[in-house]
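**Q** This structure is in structure tokens; I'll ask about it shortly.
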Amino acid sequence: MRGKRILLGITGGISAYKIVFLIRLLKKAEAEVKCIMTPASCDFISPLVVSTLSENPVGIEFWNKNDGSWNNHVEYGLWADLFVIAPLTKNTLSKMAVGSCDNLLLATYLSMKTNTLVAPAMDIDMYAHPSTQRNFTQLTEDGVEIIPVEFGELASGLTGEGRMAEPETIFNAIENYFDSKLDLVYKGKHVVITAGPTHEAIDPVRFIGNNSSGKMGYRIANEFLIQGANVTLVSGPSNLKLEHPNLTLVRVKSADEMLVEVQKIWKESTFGVFSAAVADYRPKDRVEQKIKKTDTELTITLTKNPDILLWAGEHKTDEQYLVGFALETNDLRKNGTEKLKRKNLNMIVMNTLADSGAGFGFDTNKISILDNRNNFKTFELKSKEEVAKDVLLFLKKYIS
């Protein structure tokens with residue numbers, strides 16, 4: 001559940017008060033949570049409570065009366081990995097079934113790019129009414145997944161079917177939804193990923209390095225983890241953090257240290273994604289004491305660093321898949337093709353500093369991917385999270 005983006009839709013039923021417990025469960029599981037409330041739901045649960053627990057502003061109307069800003073239903077639909085409507089009242093159910101669009105929640109439902117999961121809540125006779133059952137059938141045909149109601153005491157004082165599933169049950173349904181989406185291509189496989197720069201020491205306080213932040217490699221590692229893989233992330237110096245039960249994070253500084261760690265695990269790995277910006281050269285002689293500023297010039301003799309990607313390519317079996325990265329300033333495809341062949345890669349991810357928003361330090365990237373079967377694709381500028389998904393999807397199609 002970690003990092004999953006859950007959009008909660010809260011409608012005007014008495015069981016709305018239980019959603020605070022669902023939000024807490026989701027946040028404890030390290031999911032990101034945003035909430036949309038219908039105006040009627042505000043009579044049952046405070047938007048301030050929902051906002052505080054979710055750690056995000058709550059959308060209620062299309063326009064925020066306080067500052068005049070717009071709650072963009074399209075952006076909600078693009079942001080969410082899953083839309084969960086709980087409780088789902090009879091009124092909202094009916095509107096969803098016919099495609100009505102008279103509030104922010106319904107507009108978002110009609111804009112969703114991913115699935116919607118609903119937890120109905122209504123009185124026994126209302127739940128059993130033929131029109132309700134027809135509407136459930138329509139939602140199912142529209143691809144909506146329905147969490148069954150429970151049998152129990154209802155707000156009317158009656159006892160029967162119609163009670164909203166408990167927060168723990170809804171949470172389990174969300175977990176099961178994501179488990180069902182795991183790509184079996186990567187589930188259980190071991191992946192080694194390199195990320196970030198390397199720092200090659202000149203003396204105890206100075207080094208040769210570059211401006212790589214490691215963001216791209218960390219995003220790729222996270223996407224493999226989401227897909228159920230076991231990941232070893234060998235990271236050069238970076239302020240980024242990533243935690244997951246299936247992650248082994250190994251921090252190194254130099255290219256030599258990175259090579260040693262890769263050599264330990266490459267034989268057992270099915271996939272290798274080498275996104276680290278490894279320094280090509282290092283000082284031939286590391287000075288043990290800080291170099292004093294005496295002369296107007298300082299000469300440092302450099303020697304070539306080990307080529308970690310080349311080593312992996314030379315020791316790759318037919319059952320292993322190796323992905324390299326190339327940052328170019330010119331002749332992107334030509335240089336990428338040469339690197340692909342020279343280093344025995346299955347595919348190479350390329351970008352260029354000529355593209356605005358691509359390269360070191362950005363949260364976005366614009367890539368092209370080339371494989372050793374001459375399949376080539378260029379992507380638009382995207383967040384590095386979305387780029388990571390594109391890389392894994394391209395690799396999956398290559399394997400298939």
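The values are calculated or read from the model by the stated rules, or taken from the named source; none is laboratory data. Model, not experiment: these values are computed from the prediction. Ideal geometry is used to build each Cβ from the backbone, glycine not excepted, and the neighbour counts take in all protein chains shown.
**Q** When only residues in region 293-327 that are surrounded by fewer than 16 Cβ atoms within 10 Å (Cβ to Cβ) and of a type in the set (D, E) count, which is modelled with the lowest pLDDT?
**A** Looking at residues that are surrounded by fewer than 16 Cβ atoms within 10 Å (Cβ to Cβ) and of a type in the set (D, E), I get D295.
**Q** Separate question: So, in region 142-197, of the ones that are in contact with a helix residue (DSSP H, G or I) (Cβ under 9 Å, 6 or more places away or on another chain) and acidic (D, E), which residue ends up farthest from V20 (Cα to Cα)?
**A** D183
**Q** Consider P245 against the criteria (1) part of a loop (DSSP other than H, G, I, E, B); (2) within 30 Å of M96 (Cβ to Cβ); (3) free of Cβ contacts under 8 Å to residues at least 24 places away in the same chain: it satisfies all of them except one. Which criterion is unmet?
**A** (2)
**Q** Are there any strands (runs of 3 or more DSSP E) wholly within region 113-163 with 2 or more residues that are of a type in the set (S, T, N, Q), and if so which?
**A** Values: elements: 116-120, 150-153, 159-163.
Answer list for region 113-163: none.
**Q** Restricting to region 368-390, and then to whatever is under 18 Å from the mean Cα position of the chain (by Cα) and assigned to a strand (DSSP E or B), can you tell me which residue is farthest from D355 (Cα to Cα)?
**A** S383
**Q** Could you please give the count of residues in region 248-267 that are of a type in the set (A, V, I, L, M) and without any contact (Cβ under 8 Å) to a residue 24 or more places away in the chain?
**A** First pass over region 248-267, keeping only residues of a type in the set (A, V, I, L, M): 249-250, 252, 255, 258-260, 262, 265.
Now drop any that are not without any contact (Cβ under 8 Å) to a residue 24 or more places away in the chain, which leaves 249-250, 260.
Number satisfying all stated conditions: 3.
**Q** Sticking with this structure for a sec: Return the pairs, sorted by first residue and then second, in which the second residue is small (G, A, S) and surrounded by 21 or more Cβ atoms within 10 Å (Cβ to Cβ), the first residue lies in region 95-110 and is closer than 15 Å to L7 by Cβ, the beta carbons are less than 6 Å apart, and the residues are 6+ apart or on different chains.
**A** L104/G59; L105/G9
**Q** Turning to a different aspect of this structure: Considering only region 270-292, state which residues are surrounded by 13 or more Cβ atoms within 10 Å (Cβ to Cβ), in a loop (DSSP other than H, G, I, E, B) and more than 22 Å from the chain's Cα centre (by Cα). Reasoning before the result, please.
**A** Step one: list which residues in region 270-292 are surrounded by 13 or more Cβ atoms within 10 Å (Cβ to Cβ), which gives 270-283, 286-287, 291.
Those still in the list that are in a loop (DSSP other than H, G, I, E, B) too: 270, 275-276, 278-280, 286-287, 291.
Selection gives V278, A279, D280, R286, V287, I291.
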